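The values are calculated or read from the model by the stated rules, or taken from the named source; none is laboratory data. What you are looking at is a predicted structure, and each value in this text was computed from that prediction instead of being measured. Backbone-built Cβ (ideal geometry, glycine too); neighbour counts: all protein chains shown.
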Amino acid sequence: MTGHVFHPGHDELHGVTVVITGASGRTYVGRWHERGPRGITMRDVAIHDPASNPLVLEVWLAKQQKFGVAATEKHFVIPIEEAGSVRRFDSFP
Amino acid sequence: MPYPEMMIKPMREEVTRLGVEELRSVADVDAALADANGTALVFVNSVCGCAAGMARPALAKALQHEVKPGRLYSVFAGQDLDATARARSYFGEYQPSSPSVALLKDGEVVAFVHRHQIEGRHPDQVAALLTQAFDSHCA
């Protein structure tokens with residue numbers, strides 16, 4: 001049973017926790033579900049908004065890495081025009 | 001929504017055959033974790049093939065290590081919902097993810113391997129994270 005995948009046919013990032021930098025300045029951390037015409041669909045997403053979050057991004061990301069992703073959105077779509085760079089969370093410094 | 005039990009059974013057994021006690025109810029969890037003395041590992045099992053398919057073999061390899069936690073437990077996320085939620089209540093400020101592994105010592109989480117530390121990694125790499133934690137906290 002090890003390695004059995006229940007959701008074949010998705011792209012290579014499906015199910016992987018990623019960090020997406022938004023054009024708005026927001027940063028999104030969550031599990032990549034799929035890229036579609038509306039944007040990138042993610043699951044269990046935490047969002048850093050520099051306009052309202054008292055923690056600077058680097059500190060906020062470090063907290064997510066230590067304690068896990070503090071998701072506020074179960075399902076979330078990042079519009080195409082908002083989505084910038086995509087990095088795997090486990091490769092983040 | 002839980003998967004059919006017949007699909008889940010092999011995933012449960014892949015863990016329980018390692019000597020890990022599966023906790024299926026809130027009462028099971030409290031009976032196991034209310035006693036805070038010593039070290040206890042809680043493996044949060046999952047159906048996700050991309051991550052749990054690495055986590056279970058990693059746990060198996062880590063438990064071959066000379067130094068191990070005193071007690072070994074598992075809960076099954078997405079299947080045994082109440083038991084999993086109860087187990088997570090013992091994890092303090094650590095956020096829920098599955099699969100994941102919590103190592104508790106005297107009732108406090110001293111190490112936690114999150115799902116994002118398991119995704120895309122070889123079981124040997126995940127096992128190394130676990131055995132480092134065992135050496136640090138269970139010796």
Hey, could you check the stretch B:73-117 for residues that are out of contact with any strand residue (DSSP E or B) (no Cβ under 7 Å at 6 or more places or on another chain) and of a type in the set (D, E, K, R) and say which is nearest to residue A:89 (Cα to Cα)?
B:93
Taking the stated definitions as given, is residue A:38 within 11 Å of the chain's Cα centre (by Cα), basic (Lys, Arg) and at pLDDT below 95?
no
Working only within the stretch A:46-66, note down all residues that are hydrophobic (A, V, I, L, M, F, W, C), closer than 13 Å to residue A:89 by Cβ and out of contact with any Ser or Thr (no Cβ under 7 Å at 6 or more places or on another chain).
A:60, A:61, A:62
Qualifying residue in the stretch B:57-64 (condition: polar (S, T, N, Q) and in contact (Cβ under 8 Å) with a residue 40 or more places away in the chain):
no
Pull up the stretch B:33-61, narrow it to residues that are more than 20 Å from residue B:136 (Cβ to Cβ) and more than 14 Å from chain A (Cβ to nearest Cβ), then point me to the one that is surrounded by the fewest Cβ atoms within 10 Å (Cβ to Cβ).
B:34
Tell me which residues, restricted to the stretch B:11-31, are assigned to a helix (DSSP H, G or I) and either surrounded by 13 or more Cβ atoms within 10 Å (Cβ to Cβ) or in contact (Cβ under 8 Å) with a residue 60 or more places away in the chain (or both).
B:11, B:12, B:14, B:15, B:16, B:26, B:28, B:29, B:30
Could you check, for the stretch B:110-119, whether at least one of its residues is over 20 Å from residue A:65 (Cα atoms), of a type in the set (A, V, I, L, M) and in contact (Cβ under 8 Å) with a residue 12 or more places away in the chain?
no
